[in-house]
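Asker: Quick one: the structure is below, and I'll ask about it shortly.
Laboratory data are not the source of any read-out in this text; all were calculated from the coordinates shown. Please read these numbers as outputs of a predicted model, since none were measured by experiment. Please note: Cβ atoms are built from the backbone with ideal geometry, for glycine as well, and neighbour counts cover all protein chains shown.
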Amino acid sequence: MRIPIIAGNWKMHNTVEEALQLVNELKKEVDKTDVRVVICCPFTVLGEVKKAIVDSNIKLGAQNIHWEDSGAYTGEISAAMLKDHGVDYVIIGHSERRQYFNETDETVNRKVIKALEKDLIPILCVGETLEERETDKTYEVVKGQILKALENVDEEEVKKIVVAYEPVWAIGTGKTASPEDANAVIAYIRQVIKEKYGEEISEIVPIQYGGSVKAANATEIMNQEDIDGALVGGASLKAEEFLGIVNF
Ligand code: PEP
C-alpha cells in the first residue's frame, strides 16, 4: 500500500515571518493525519521552518537543487546545503523551472541523480503543455520525460522517488484535469515505470497529481485508484485550504 503524500509548493512566496505563521497553523492539525505531508519552501526560509516543524509530522522540501556538489555556479544551491537545513525532499523539473529557467530533461536527470546520491527524495515533475495535449501528445511527452529523468537510475534508487504528474495547462490556472483523465495518465506513467523496472517497483513509486488542486476537489482526485497524492501550489499558501486537502 502506498501512503498518500500531499506536498505544498510555496513557490516564491513567504518571508520568514509569513512562513512561520503558516507552518505553526498547519503543525497542530497535520499531526492528526496518516498522510505524508511535505512543505517545499523557498531556500531563504528552510532553516526557520525546519526549527518550527522539528517535533511535528511535516517534512521539509526544497524547490530546486544543483547537480554539482559545489563550484562556480552563482545563485545555485547544492544538495549538501539543503541537507544542512534538514531538507528531505526536493522538487525537480517543475514546469515553471522548465519554462522560465530553461530546465531540460537532461538537467532534470542530473538533478535526480544528485538528489538520490545525497539521500534527498526527488519529487520529479512531468506533464504536457496545452498544445501537446491538444495534438494528442500527452502520453508520448510524459513517457519521454520519465524515461529521460530516470536514465542511469537503478532499481534500488527509483524506489525512493516520488513522481508528480502536473499538466502544465492546469498549474495555477484554476483548470484541473478531470480526475479520470489524470488517473489515466498516472496509470500510464506507472506502466512506463513497470516496463523499465518491473511490476513490483512500479507499485512502490507514489505518483501525485498536481494542477489547481484545492480542498473542494481533493476528495474526487484522491479517490482515483492510481493517484497517490497531490502537489499543491496556490492552495498550499492558506492553512485552512491546505488542511482541507490533507484531510481529503
Ligand atoms: C504547482 O505549483 O506544482 C501547482 C500544481 O500549482 P497550483 O496548485 O497552483 O496549480
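Asker: Give me the percent relative contact order of region 1-155, please, defined on Cα pairs under 8 angstrom at least 6 residues apart.
Answerer: 18
Asker: Helix-only estimate, please: 222 nm mean residue ellipticity of the chain, summing -39500 (n - 2.57) across DSSP H runs of length 4 or more and dividing by its residues, to the nearest 500.
Answerer: -12500 deg cm²/dmol
Asker: Specify which residue in the list 247, 170, 108 is farthest towards the positive end of the charge dipole of the chain, using unit charges on the beta carbon of Lys, Arg (+1) and Asp, Glu (-1), about the Cα centre.
Answerer: Projecting each Cα onto the dipole axis, the largest value belongs to 247.
Asker: Right, next: So which residue, out of 231, 124, 20, gets the largest mean-square fluctuation from a GNM of the chain using Cα contacts under 10 Å as springs?
Answerer: 20
Asker: Still on this structure, I have one more. Give the residue from 217, 120, 40 lying farthest towards the positive end of the charge dipole for the chain; charges sit on Cβ (+1 for Lys and Arg, -1 for Asp and Glu) and the dipole is referred to the Cα centre.
Answerer: 40
Asker: Right, here's the next one. What is the dipole size for region 5-246, taken about its Cα centre, with +1 at each Lys and Arg Cβ and -1 at each Asp and Glu Cβ, in debye to the nearest 20?
Answerer: Computed about the Cα centre, the dipole is about 520 debye.
Asker: Now for a separate question. Please list, in order, the residues from region 154-195 whose amide nitrogen is less than 15 Å from a point placed 7 Å along the Cα→Cβ vector of residue 203.
Answerer: Label zone hits: 190-191, 194-195.
Asker: Still on this model: Among the listed pairs 27/83; 11/114; 114/148; 148/214; 27/175; 11/214, which have their C-alpha atoms separated by more than 26 angstrom in this model?
Answerer: Exceeds cut-off: 148/214; 27/175.
Asker: Which one of 57, 24, 237 is farthest out on the positive end of the charge dipole of region 5-246, using unit charges on Cβ (Lys, Arg +1; Asp, Glu -1) and the Cα centre as origin?
Answerer: 24
Asker: Quick one: P(r) of region 125-244 from all Cα-Cα pairs, 5 Å bins, percents rounded to integers, in order of increasing distance.
Answerer: P(r) over region 125-244, rounded to whole percents: 2, 12, 22, 23, 18, 13, 8, 2, 0.
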